[in-house]
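S.K.: Please read through the structure below; I'll follow up with questions.
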Amino acid sequence: MTMTRRKFLSASAALAVAPALGADAWGAPLPREADIVVIGAGAAGIAAARRIKAANRRVIVVEATGQIGGRCLTDTATFDVPFDRGARWMHNADTSPMVKLARGAGLDVYPAPPGQKIRVGRRNARAGEIEYFLAALVRANRAIDDASRGKVDVSCASALPKDLGDWAGTAEFMLGANATGKDLKDISAIDRARALERNNAPIACRQGLGTLIAKLGEQIPLALSTPASRIAWSGRDVTVETPAGRIAARAAIITVSSNVLTAGNIKFTPDIPKRHLDAAAKLSLGSYDHITLQLPGNPLGLARDEIIIEQSNSTRTALLFADIGSSSMCSIDVAGSFGRDLAAQGEPAMVAFAVEWLTKLFGSDAVAAVRKSSATRWNAAPFALGAMSSAAPGSQPSRKILTEPIGCMFLAGEATHETLWGTVDGAWESGERAAEAALRRIGALRDPEPAAAPARAPKQRRRVAE
Ligand SMILES: Cc1cc2nc3c(=O)[nH]c(=O)nc-3n(C[C@H](O)[C@H](O)[C@H](O)COP(=O)(O)OP(=O)(O)OC[C@H]3O[C@@H](n4cnc5c(N)ncnc54)[C@H](O)[C@@H]3O)c2cc1C
């Protein structure tokens, strides 16, 4: 039986479940000065830079890698269709600025196709089984929600009903590893419950999300392959050191991931406050990777962009995204503690798992002819060091702490968003927000007028005068 995506996702409330386009490296010498310097050309950095440019202030983005996009990276070389090595889905089509910008840029955005299936061994789950699973997801979500209203912030795992039966493992995978990159025992119930606000109709970009971010960064002054190595800061100004030279600015926006920030690859003079570093450590990145196989001739017999999960009682499981864009490409996504351990063993081990897993679900003939394979390893990518942030139990307030200014520096990036954390949309919004704060700091934007005070009761005055 095929269930509708809306039904499936609204039950699980899961996150859903190119190289740079025209991004020239800085041809001219790096500018010595800017009004605001942005560290990182991912979604947050590009959103911030566009906002600053729109305010007619001088901005420069320094990016450590050779392309725009960060954790949105479209590979157009390995397979015959563009393939997102990082984020694949945007959310909230009606309100997302990115979806509107993608349409405006002439890119093709489309809603995730409606159907997905669950395998129980070699067969598809029956209608009754799916109903039971959906009910289990709803109950699990409700339990996490209830726990989030308690006095103490507990782990999502401790909140789960104990009677989910054969579907407990699958529910844990969908709500934990697949949605956030971490197992439920490592995630704060409050953080997870707040994340439920996002809507559940994901949108993809046919040309790839990496392509989209690169396109949105086309008019932005940026220096690729230019890692910031040290930032000297005060309440008045900031100097960013890179191998290509120093840039002095009146403010900086730092969009590197929480793991990159805590790894200490960027030195700060003086050190950034322990309060911020501790907060970033509590918002560490989970693990999420795509193992991609080219399987010519649709041997799995699946529809375009179909999503398959399995009934599983262990963390050794995955999500299949089949026949991507009608190509022969299938992505097997691994995540959480299992995904982390697997990725640490290297690409051959990841591909071997993907083949073994598909064989278990579809038989050995189905995977007899893998033409090409590729696997991402985001935990080992030095300028990302993981996939997406989630708060450890007890640590949800850390997100707000990260948004507190540090002198004239402002942190942005998905980890700083209180409800859209872990998403491209959240990263984008956080970049815009940090840009506004930085513009205000340098006097390029006025603080919003305070709301008019309510008229005083004349009675009181008269009484004083009497
Ligand atoms: C496999 C995978 C699948 C995902 N799926 C989805 C999904 O379907 N939907 C979704 O919404 N989200 C998804 N995400 C999460 C999403 O990709 C991120 O939330 C988002 O892209 C983060 O953007 P950002 O700008 O905050 O950070 P980043 O994209 O990490 O940008 C930070 C930038 O800083 C640069 N940088 C680091 N150090 C330095 C330095 N020293 N100097 C200069 N630059 C530096 C980095 O190279 C990077 O470009 C996924 C992530 C992964 C890895």
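None of the figures in this text is laboratory data; all of them are computed from the coordinates on show. Because the structure is predicted, anything quoted here is derived from the model rather than measured. Every residue, glycine among them, receives a Cβ derived from its backbone with ideal geometry; neighbour counts consider all protein chains shown.
S.K.: Spelling out what I want: for every residue of region 324-336, take phi, set θ = phi - 60°, compute 6.51 cos²θ - 1.76 cosθ + 1.60 (Karplus), and round to whole Hz; glycine and proline get x.
M.R.: Residue by residue, region 324-336 yields 4, x, 6, 8, 8, 9, 10, 10, 9, 9, 10, 7, x Hz.
S.K.: For region 362-377, just list the computed ³J(HN,Hα) in residue order, Karplus coefficients 6.51, -1.76 and 1.60, θ = phi - 60°, integers in Hz, with x standing in for Gly and Pro.
M.R.: 3J(HN,Hα) across region 362-377, in whole Hz: 10, x, 6, 4, 5, 10, 5, 10, 6, 7, 8, 9, 7, 9, 7, 9.
S.K.: Let me ask something else. Order by neighbour count: Glu306, Glu172, Glu347, fewest other Cβ atoms within 10 Å first, most last.
M.R.: Values: Glu306 21, Glu172 25, Glu347 15.
By the 10 Å Cβ count, ascending, the order reads Glu347, Glu306, Glu172.
S.K.: Stretch Ser364-Arg32 to full length: gain in nm at 0.36 nm per residue minus the Cα-Cα span? All intermediate terms of the calculation are to be shown ahead of the outcome.
M.R.: Values: separation 332, 0.36 × 332 = 119.52 nm, distance 5.99 nm.
Gain on extension, Ser364 to Arg32, equals 113.5 nm.
S.K.: I've got another one for you. Add +1 for every Lys or Arg and -1 for every Asp or Glu among the other residues with Cβ under 13 Å from the Cβ of Lys162, and state the total.
M.R.: Taking every other residue near Lys162 into account, the sum is -1.
S.K.: Using amide H atoms built in the peptide plane, which far-off residues or other-chain residues are under 5 Å from Arg230 H to H?
M.R.: Under 5 Å from the amide H of Arg230 lie the amide H atoms of Glu241, Lys267, each far enough along the sequence or on another chain.
S.K.: So if we plug the beta-carbon distance of Arg246 and Lys100 into 1/(1 + (r/R0)^6) with R0 = 25 Å, what FRET efficiency do we get, rounded to 0.05? Mind dumping the intermediate values first?
M.R.: Numbers: r = 37 Å, r/R0 = 1.48.
With R0 = 25 Å, the Cβ-Cβ based efficiency is 0.10.
S.K.: Continuing with the same structure: Regarding the chain, what's the average projected area of the Cα-atom convex hull, expressed in nm²? Each step should come with its number before you reach the end.
M.R.: Numbers: hull surface 103.3 nm².
In nm², the orientation-averaged hull projection of the chain is 25.8.
S.K.: Quick query: amide H of Thr292 versus all other amide H atoms, modeled in the peptide plane; which residues come in under 5 Å with a sequence gap of 5 or more or a different chain?
M.R.: Under 5 Å from the amide H of Thr292: Ile332, Ser374, Ala375, Thr376.
S.K.: Between Ala380 and Asp108, what length in nm is gained on full extension when 0.36 nm per residue of separation is reduced by their alpha carbon distance?
M.R.: On the way: separation 272, 0.36 × 272 = 97.92 nm, distance 3.12 nm.
Answer, rounded to one decimal: 94.8 nm.
S.K.: Summing Lys, Arg as +1 and Asp, Glu as -1, what charge do residues with Cβ under 14 Å from the Cβ of Thr255 carry, Thr255 excluded? Please list the in-between numbers first.
M.R.: Details: positive: Arg50, Arg51, Arg71, Arg433; negative: Glu63, Glu414, Glu429, Glu432.
Summing Lys and Arg as +1 and Asp and Glu as -1 gives 0.
S.K.: For region 382-430, what class follows from the C-alpha gyration tensor (a ≥ b ≥ c being the square roots of its eigenvalues): rounded when a/c is under 1.5, otherwise prolate if a/b is larger than b/c, else oblate? Write out the running numbers ahead of the final one.
M.R.: Working: a/c = 1.40, a/b = 1.13, b/c = 1.24.
Here region 382-430 falls in the rounded category.
S.K.: Using amide H atoms built in the peptide plane, which far-off residues or other-chain residues are under 5 Å from Val38 H to H?
M.R.: Close amide H contacts, sequence-distant or interchain: Ile60, Val61, Val62, Ile253.
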